[in-house]
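Reading through the C-alpha cells given below for one structure.
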Amino acid sequence: MAVDTALPSLEELQEVLADELGQEQEQTFAARLAVNIPALLEQMEALDIKERLAFFKDLILPETAWLEPLERDNVIYEAWRLLKPVGVSKDSIKKEVFARIPKDNQSTREFEQRDNKLPAVYDEWKELLAKTRYCIENSGFLCYMKHLPDGGVEPVTVSNFIARPIKEITRDDGIDTEKMFEITGLLAGGIPLQTVTVPAKEFAGMGWVVENWGLSACLEPGANAKDRVRHAIQSLAHDIPHEKIYVHTGWRKIENKWVFLHSNGAVGAENITVDLSVSGLNRYTLPDSTDDDAVEYSLKLLEVAPMEVTIPLFSLVYLAPLSEPLRQAGIEPAFVLWLVGLTGSLKSTIAALFLSHYGEFVGKNLPASFRDTPNSLEKKGFLVKDCILVVDDFYPSSSSLEAQKMKQAAQQILRMYGDRTGRSRMRADTNLQQTYAPRSLCCATGEDCPDSGQSTTARFLAVDLKRDDIDIKLLGELQANTGKLSQSMRGYLEWLAPRLDDVPEKLKKWFVQYRQKATEGKQHARLPEVVSWLFMGLVSGLDYAKHTGAINEEIKKSIQGAGWQVLMRLAEQQSRRIVDERPAIKFLAIISELLVSGAACVYNIHEPVPKENEVNFIGWKDERWFYLLPDTAYKIAAQFCSGQGGHFPVTARTLWKNLDAEGLIFTEKNGTETRRLIQKRIGGEKYRVLQLDAAALKNV
C-alpha cells in the first residue's frame, strides 16, 4: 500500500496556524475578561444606583458573552444583585446576555443546556419543590419565587444548597421528649451533603448548617434568607416518617402492655427502638430468648462467695425490676449497697458478674465510676431505670483534691438514692430545669466506706469482701457463661410482665410485714426498710426459680431462711457503724483518744489555772465531771478529723444538742430555755464550760 508522503501546502499550514492562534487568543481573552470583570463590578457597585444600569450596558454586558458558563452565571447574578433596586430582573439580564452570544459558540450551547436541564440527581428535588414556593436555579441554587407587582415571578436566590428532612425523631426518656430531624441535602452542582441529625431547638436558627456541612454551604446575605431556607425545608416535610426512640432502660407501658427496654429493643414487644449510645449505656442488653437451665447459673452465684456477700447481691439483682411497681406503691427502694474490699479482693469482678444479668459487663467496663462528673452520675442513675447501676472504685487518694472530689461524689450518690431526689438547677430565664431523680438501684464498690456522718452511713448497707472469699474455679465457670445470667433475667422479666399491674399492693403489704419483722431495738429506722426491700428481691427471684423447676419449695424456704439471717446480721453490723458515726459518740471517742495519747490534757479542778501558752489544754476534771472549754474542745476534735482526711460531721451548736439528747452533759433550765454551756467558777475565775459526764468518756 502506498504511503502519502506529500507535505501540506503553504495555504494549508497558514489555515491551521490561524485556527490554533484564534483558539489561543479566544481562551486568553476569556481568561482576561474573567479577571477584569470583577473589578468592573466593584466600580459599578460604588456608583449611584441610577448610574449603574448605563455602566453595565456600556462596559460589562458586551464582554459577558465571552465568559465561560460558570463565570457568566456569577456575573449575571452579581449584576442582578446590583440592579435589583432599580427594578431589573435576573431574567431580563439573561436575555440581554444571550442575545450577544454568537449562536455557533460552543459555550452558548453548554450554557443553554445548563439553563434548561439540571443533572439527573435533581429530578426528585424538582418534583418535590414543584408543590412549594421554591425552585432550583440552573446552577443548583435554591430560589424563592417572588411575585412582582406586574404579575410576573422572579426567582430570588437564598442559598447555594438545597435541603429536606427525611425523618422526624422523638427521643423519649420517660419524663421528657426531644424532637430531632434527619436532614439531607445537595450542594450546588449536585454534590451530596451528608445526612445530619438536628435538634428541633437548633433547627430554626440555621447555625447547624455550617456546623455540619462546613463553609461551602452558605445562605445568601439578608435578613430573610435564613427564614426562607428554613421554610423551604419545612415545606418538604410532608409524609416523612416519624420514629420514636426510647433512651432509657426498664419498664414502659406501650399500647397498654408492659415491656422492658434494653439497648437492643424490648422484652415483650417487637419493633421498639432504644438508643443508649449517647449516654454510654449500650451494654445494658438482653438476649432474644432464654434457655431452660439459665436460672440454674443465676442460683450458682449464691455459692461463688460467702452468703454474707452473695445474698445481698442476688437480692439486689432481682429487686431492681420490682422498682416500677414499688414506685407505684410509694415505697421505692432508697439505699445503696456498698461492696467493700481491699485492692485485689475482686470486688469489681464480682459486681460485674452479678450485673451481667442485665448485659455484657466485666470488671473493666462497669457503667459508672466515682471519677465521673456529678451531672453524669445523676443522668446515668436516671436513664438506667429498673436495673442496677454499679459505681466503681471508691478508693483513698493521696491527692487531697481528688479525695475531696470522691467524697463529694459519694455524698451525691448516697443523697440521690437515699432520698430519691435529683439536683435542682435553674435556667437562664430563672425557671427550674427538669430534675433527674434516680430510677435505678445502686451498687457501689470501694476500698473503704464514706465517713461523713450518721445520716450518710444510714443510707447504705456495707458488704465486706475479703481476698480469700471468692471460689476462683466457680468464678471462672460463671464468667464463661454470663450469657446464661442475662437469659435468666429475660425469663424473669417475661414472668413478671403479666403480673406487673397486680403486684404494687401485694408488695406494699409484704414490705410492711418484713419491715416490722426486721425492727429490733433502737437501730436506725432505715435499716429495717433495707432488709425488707432486699428480702422481697430474694423471695421474688426464688419464686421465679421455683416456677422454672430449678428448685423446689423446700430448697426455696431453706435459702429464704438463710437469706433472712444474713440480711439481719448485715443490718446489725451497719447499725454499729451508724452508732460510731453519731456526733456525740464520735466526739467522746476523739477526746478520749487525745487524752490517752497526751495530745490533749485536763487539769484537776483544784489545781492552778495553766498558763495561756499551754496549747494542748482543753479543761478541768473532778471525780464526777469533765469541764471542757467548748470552743477549744470542738476545735481540737475537728482538727483530729481533718488530719485523717475527713471532717467533723456537725457544727459545735449541733454537737451540744446531740450531747444533751444523749444525756451526756449537765444543763441548766431557765423557763423554756436550755443552757448547755454553763458558767463555772474555777480558781477564782468564771469560765463558760461544757460539763461532760466523766463516766461516759471512760466507757467509750
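The values are calculated or read from the model by the stated rules, or taken from the named source; none is laboratory data. In this text the structure is predicted, and so the values were computed from the model without any measurement. We place every Cβ from the backbone using ideal geometry, glycine too, and count neighbours over all the protein chains shown. Only protein heavy atoms, including side chains, enter the accessible area calculation; ligands, DNA and RNA are left aside. Shrake-Rupley method; radii C 1.70, N 1.55, O 1.52, S 1.80 Å.
Would you point out the residue of the stretch 197-206, among those that are open to solvent by 50 Å² or more (accessible area, probe 1.4 Å) and not hydroxyl-bearing (Ser, Thr, Tyr), that is farthest from PRO155 (Cα to Cα)?
Residue satisfying both the conditions and the ranking: LYS201.
Which of the residues belonging to the stretch 96-108 are surrounded by 10 or more Cβ atoms within 10 Å (Cβ to Cβ) and modelled with pLDDT of 70 or more?
Selection gives GLU96, VAL97, PHE98, ARG100, ILE101.
Just for the stretch 538-557: of the residues that are farther than 17 Å from LEU493 by Cα and free of Cβ contacts under 8 Å to residues at least 12 places away in the same chain, which one is surrounded by the most Cβ atoms within 10 Å (Cβ to Cβ)?
ILE555
Only one of ARG114, ARG52 is crowded, with 16+ Cβ neighbours inside 10 Å, in contact with a helix residue (DSSP H, G or I) (Cβ under 7 Å, 6 or more places away or on another chain), in a helix (DSSP H, G or I) and at pLDDT below 85; which? Talk me through it step by step, then tell me what you get.
Numbers: ARG52 fails: at pLDDT below 85.
Answer to the selection: ARG114.
Considering only residues of the stretch 176-196 that are out of contact with any Pro (no Cβ under 6 Å at 6 or more places or on another chain) and within 16 Å of ASP275 (Cα to Cα), which is surrounded by the fewest Cβ atoms within 10 Å (Cβ to Cβ)?
So the residue we want is ASP176.
For the stretch 558-582, give me each residue that is open to solvent by less than 60 Å² (accessible area, probe 1.4 Å), in a helix (DSSP H, G or I) and within 19 Å of VAL650 (Cα to Cα).
Answer for the stretch 558-582, where residues must be open to solvent by less than 60 Å² (accessible area, probe 1.4 Å), in a helix (DSSP H, G or I) and within 19 Å of VAL650 (Cα to Cα): ILE578, VAL579.
Scan the stretch 351-374 for residues that are out of contact with any helix residue (DSSP H, G or I) (no Cβ under 7 Å at 6 or more places or on another chain) and surrounded by 20 or more Cβ atoms within 10 Å (Cβ to Cβ) and report the count.
3
Please count how many residues of the stretch 211-248 are assigned to a helix (DSSP H, G or I), out of contact with any Leu (no Cβ under 9 Å at 6 or more places or on another chain) and open to solvent by 20 Å² or more (accessible area, probe 1.4 Å).
5
Only one residue in ALA637, ALA694 is surrounded by fewer than 18 Cβ atoms within 10 Å (Cβ to Cβ) and of a type in the set (A, V, I, L, M). Which one?
ALA694
Could you figure out which of (1) in contact (Cβ under 8 Å) with a residue 12 or more places away in the chain; (2) small (Gly, Ala, Ser); (3) more than 20 Å from GLN487 (Cβ to Cβ) isn't true of GLY359?
The single condition GLY359 does not satisfy is (3).
Take the stretch 117-146 and flag every residue that is over 16 Å from ALA232 (Cβ atoms) and open to solvent by 40 Å² or more (accessible area, probe 1.4 Å).
Residues of the stretch 117-146 that are over 16 Å from ALA232 (Cβ atoms), as a first pass: 117-121, 123, 138-139.
Of everything in the stretch 117-146, those that are over 16 Å from ALA232 (Cβ atoms) and open to solvent by 40 Å² or more (accessible area, probe 1.4 Å) turn out to be LYS117, PRO119, ALA120, VAL121, ASP123.
With the requirement that a residue be modelled with pLDDT under 95 and out of contact with any strand residue (DSSP E or B) (no Cβ under 6 Å at 6 or more places or on another chain), what does the stretch 236-252 give you?
Answer for the stretch 236-252, where residues must be modelled with pLDDT under 95 and out of contact with any strand residue (DSSP E or B) (no Cβ under 6 Å at 6 or more places or on another chain): HIS238, ASP239.
Select the helices (runs of 4 or more DSSP H) contained entirely in the stretch 429-506, then report the ones holding at least 1 residues which are under 31 Å from the mean Cα position of the chain (by Cα) and modelled with pLDDT of 95 or more.
Counting at least 1 such residues, we get 472-479, 482-496.
Within the stretch 156-175, how many residues turn out to be open to solvent by less than 30 Å² (accessible area, probe 1.4 Å), small (Gly, Ala, Ser) and not in a strand (DSSP E or B)?
0
Residues are listed down the side, and each one gets a yes or a no for (1) small (Gly, Ala, Ser); (2) over 49 Å from the mean Cα position of the chain (by Cα); (3) open to solvent by 40 Å² or more (accessible area, probe 1.4 Å):
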| position | (1), (2), (3) |
| --- | --- |
| PHE587 | no, no, no |
| VAL602 | no, yes, no |
| PHE626 | no, yes, no |
| PRO630 | no, no, no |
| THR651 | no, no, yes |
| ALA661 | yes, no, yes |
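Of all residues in the stretch 667-695, count the ones that are of a type in the set (A, V, I, L, M) and over 19 Å from CYS601 (Cβ atoms).
Here the count works out to 3.
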